[in-house]
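What follows is a short report on a single structure.
Laboratory data are not the source of any read-out in this text; all were calculated from the coordinates shown. Quantities reported herein were computed from a predicted structural model and do not represent experimental measurements. Every residue, glycine as well, gets a Cβ built from its backbone with ideal geometry; the counts of neighbours run over all protein chains shown.
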Amino acid sequence: MPRRPITSPLEYLQIARRRWIWIVAPAVVISGLAVAGARKLPKVYQSEALILVEPQKVPADFVKPTVSGDVSERLESIEEQILSRTQLSQIIQKYGLYRDSSLSPDGQVVQMQSDIQVTPIVNPEQRDAPVAAFKITYQGRDPVLVQQVTRDLSALFISENLKARAAQAQGTEAFIDGRLADADQQLQAVEAQLRQLKSTYMGSLPEQETANLQVMSQLQSVTQSDAEALAQAQQQKTYLTSLNQAVDGVANAYTPLTPPSAAEQALHKAQSDLAVAEQMYTPEHPDVIRLKAQVKALELQQKAAAPATPTSAKTGAGAKPQLSPQVQGQIALLNEEIQQRTKDQAATQAKIAQMQARIERLPEVEEKLSNLTTAYNAAKANDDSLRQKKDAASMAAAMEQQAEGEEFRIVDPASLPQLPISPNLLRLDGLGAAGGVLLGLLLAGVVEMRDPVIRSEADVLYYTQVPMLAALPDIQPPRPRTRFLRLTAGGRQ
């Protein structure tokens with residue numbers, strides 16, 4: 001038959017009074033065993049060092065750091081390097097750690113990794129605040145060794161940070177050196193192409209356009225002057241030749257040469273001006289029309305004023321007048337001048353054609369030169385930028401080598417632990433006492449549940465289903481009185 005369920009807290013107290021021995025005995029035994037066992041557990045000590053992340057001493061406005069990445073990322077990278085098998089094996093061999101254990105070398109490394117803890121410290125009031133410091137803790141059984149190992153770990157973090165920053169700065173400098181060499185080669189190639197273009201199109205460069213136009217204008221002036229001089233020489237030669245033909249046409253008579261009159265000189269001058277104007281202008285030009293009318297008027301005037309030649313002027317039959325050597329020399333000089341003027345005019349026309357070709361080539365050359373100049377400016381700007389970056393990287397590398405950049409500095413050195421962090425005796429003692437009490441309560445409950453004694457009216461009603469009519473008190477036998485009590489009682493009687 002199942003036990004009657006307990007319905008009031010008072011019944012728990014009654015059970016505790018009846019079964020107190022079952023509660024106290026296990027509590028005392030278990031607590032004693034816990035205290036004794038905790039005192040025999042190996043003691044574990046922990047040493048701690050605080051390292052501050054100190055910013056670079058040189059202002060960033062003067063020397064821009066080339067080391068990229070957040071402090072937390074770099075700290076994780078350094079932690080991975082320090083907690084590597086190679087580094088920890090050296091520390092284990094140096095101090096003889098874990099020699100009392102049965103762990104393999106790899107197991108010792110794994111155990112040491114679990115005994116080391118790196119905790120970054122940030123400002124909780126700032127969002128995404130950088131790491132301002134970090135703690136290094138190491139735990140072991142020997143407090144002195146724990147302190148020494150923590151000191152070595154702190155030194156490793158500081159040295160590895162310096163090495164990592166210096167290596168990264170040098171790597172940046174080497175990378176920029178490589179890019180600068182490529183930029184120099186590209187700049188030299190563009191410079192060579194630019195020089196080749198200017199050499200090939202010398203005279204047709206955009207900056208020579210004004211000079212070409214000036215030379216073109218001068219050549220046109222020279223051509224005009226040569227044309228005028230050539231026309232004048234040809235006019236003079238025509239006059240002398242016509243005079244020679246007139247002298248040859250005189251038959252059996254000789255008329256001495258007389259100098260030309262003013263009308264003849266005006267006619268020759270007008271004819272010369274007309275020849276020059278016809279070479280320079282079109283027939284519809286006003287100057288050409290005006291000079292033609294002037295020449296025609298002078299010719300009519302000369303014919304009207306010319307006298308008849310008397311037959312008595314003949315000097316003798318069969319005599320042929322001859323031109324003077326002076327006139328013949330003038331004709332020869334005019335022939336030489338005409339020949340030379342013609343050559344000069346042809347040479348000038350060739351130069352004009354050459355200058356015209358240069359001027360016509362200007363747009364093409366200007367486009368090619370513009371493309372090469374743009375490429376040169378871009379290559380030069382890239383080269384100058386890389387040189388500035390190289391100087392900045394060199395200064396940053398020198399700063400890192402001199403430990404003037406961001407560094408780790410020990411604020412609190414590795415401490416020498418005075419008390420173990422494990423085992424926690426007070427906690428273990430409390431857990432042992434609590435466990436003993438719980439075990440005692442459990443045993444008391446089991447004994448109470450197995451006890452068939454009916455102890456109350458509620459038990460009678462629960463088990464018999466019959467209401468109780470009367471209850472007899474628990475009659476205890478009288479206790480024997482002592483002599484003292486009997487005497488006291490007799491004296492009273």
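Results, tabulated for the structure shown:
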| item | result |
| --- | --- |
| Low-density loop positions, trypsin sites (Lys or Arg not before Pro), the stretch 75-117 - DSSP coil, at most 14 other Cβ in 10 Å | ARG99 |
| Total formal charge among the other residues, if their Cβ is under 11 angstrom from that of ALA379, Lys/Arg +1 and Asp/Glu -1 | -4 |
| Cβ-based exposure ranking for HIS285, HIS268, in which fewest neighbours within 10 Å come first | HIS285, HIS268 |
| Proxy reagent accessibility, fewest Cβ within 10 Å first, across VAL190, VAL24 | VAL24, VAL190 |
| Sequence of ILE6, ILE338 once ranked by neighbouring C-beta atoms within 10 Å, starting from the fewest | ILE6, ILE338 |
| Overall Cα dimensions of the stretch 106-208 - principal axes, largest extent first, Å | 91, 39, 20 |
| Cα centre as origin, Lys/Arg/Asp/Glu Cβ charges: the stretch 332-445 dipole, Debye | 260 |
